[in-house]
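Readers should treat all values here as calculations from the given coordinates under stated rules, not as data from a laboratory. What you are looking at is a predicted structure, and each value in this text was computed from that prediction instead of being measured. Cβ sites come from the backbone with ideal geometry, for glycine too, and all protein chains shown count toward neighbours.
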Amino acid sequence: MPTTKVLKVSSEELNSRSIKEAADVLQGGGLVAFPTETVYGLGADAFNETAIKKVFEAKQRPNDNPLIVHIANFEQLMHTAPFLPAPAKLLVETFWPGPLTLVVERSSSVPDVVTANLNTVAVRMPKHPVTLALIEEFGRGIVGPSANVSGTPSPTKAEHVYADLGGKIDMILDAGPTEIGVESTILDVTVNPPVVLRRGGLPIEKIEEIIGPVDTTAGRNFLNRSPGTRHRHYTPKATVVIVNENDLRNYKQVISRYGHKRIGCIVHSKLLREFETQHCSVVFVDSVQELSKKLYDSFRRFDQEGVDVILVEAISEQGVGGAIMDRVKRAASGSTMTKSWPEVMKQYIS
Ligand code: TXA
Ligand code: MG
């Protein structure tokens, strides 16, 4: 088992020695977790099969779930995916580097283990000075699945990576909490209109401003297009229940009725701002951006505290809100009842 070395790096003052050390680990076929603007990724040489297999092992990831290749320049893009359709070119020009992953025709040089034998490859240029410096220094594309154990909330801090993968990977580059906090938007541009396979940090509305309407519903019906969506994702151990402001009005009453179990709340309406009891732990957020940044961290924190039920106050699905509600619904895996949540609670808390 490797000892996991944690190196602090600063985006403002890039330490070339740390970057070089991390690139050397990648060169030797090792695994380096790195920050991006969305979540932390688990890096390995995208063209080294043995290294890729280690990524699947460390994450306990099913082999049929392909990886995103992260690149830092045009040459690396051409080496990974040489044929971009016109809409893809426009998106690249407008949004890269940034939280947009494109599914495109793959180059034959990309190993099958990366794409899980699909004839497409997912590729993205992240917007984080540390990531870009690392990939430039290394000189080739690197894979970058979220640096968590499969199924758990994605890591938005180096501590989250360490908690899941400490002792299983060689190095973590720690640049502090990530800016966006949810993963990149994934768009399949091999079809017309392009299909959204995962909502994420780049709002669909912004994509449509550039290339016109995209299909936001087909992704669900074409699971083979994004095998990752088959697997359970983004889930804390606690049961997640989506509530609205009205539900929260009954909050105190229900807590006193079911308060023998611990409850965590992620809310934005002022109702709960001041309210914290021994039975309830509140994360208050002021904006959609703050929610996006704190969602996974709160899930992980509540699990550590041994919370049984997490109540998440619903938000509008516009902009990044679309990605956030997608993750919250998946975490609630179907129990998205906003009607009578005391009834929902009864079901979960006996
Ligand atoms: O923000 C992000 O995208 C982060 C950071 C680290 O860059 N990475 C990330 O990777 O979220 P991962 O592996 O956790 O999620 C990638 C998703 C998976 O659901 C996978 O199934 C899908 O991308 N995917 C990868 N290649 C694909 C392909 N060729 N076709 C369809 N879906 C693909
Ligand atoms: Mg992931």
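Odds and ends about this structure:
- Per-residue ³J(HN,Hα) for the range 175-184, Karplus 6.51 cos²θ - 1.76 cosθ + 1.60, θ = phi - 60°, Hz, x for Gly and Pro: 10, x, x, 6, 6, 8, x, 10, 6, 5
- Separation of the S287 and K206 label points, Cα + 7 Å toward Cβ, nm: 1.4 nm
- Among E208, E137, the order by Cβ neighbours within 10 angstrom, fewest to most, reads E208, E137.
- Extreme residue, positive dipole direction of the range 34-150, given options P35, P62, T115 (C-beta unit charges): P62
- Least to most buried among T235, T36, T152 (fewest other Cβ within 10 Å first): T235, T152, T36
- Distance between the 7 Å Cα→Cβ label points at S109 and Q304: 4.2 nm.
- FRET efficiency, N15 to Q60 (Cβ-Cβ, R0 41 Å, nearest 0.05): 0.80
- Each peptide in 42-50, 10-18 gets a packing score, the mean of other Cβ atoms within 10 Å over its residues, and the list from highest to lowest is 42-50, 10-18.
- Within-13-Å neighbourhood charge of A133 [Cβ basis; K, R +1; D, E -1]: -2
- By the rule of a C-alpha distance below 18 Å, with chain neighbours fewer than 8 residues away ignored, the aspartates and glutamates paired with K270 are E245, D247, D286, E290, E313.
- Computed helical MRE - 222 nm, the chain, DSSP H runs ≥ 4 contributing -39500 (n - 2.57), nearest 500: -10000 deg cm²/dmol
- Sorted peptide list for 23-33, 103-113, criterion being average Cβ within 10 angstrom, highest first: 23-33, 103-113
- Between E245 and T3, residue separation times 0.36 nm minus the direct Cα-Cα distance comes to 82.5 nm.
- For the chain: span of alpha carbons on each principal axis (Å, largest first): 60, 47, 36
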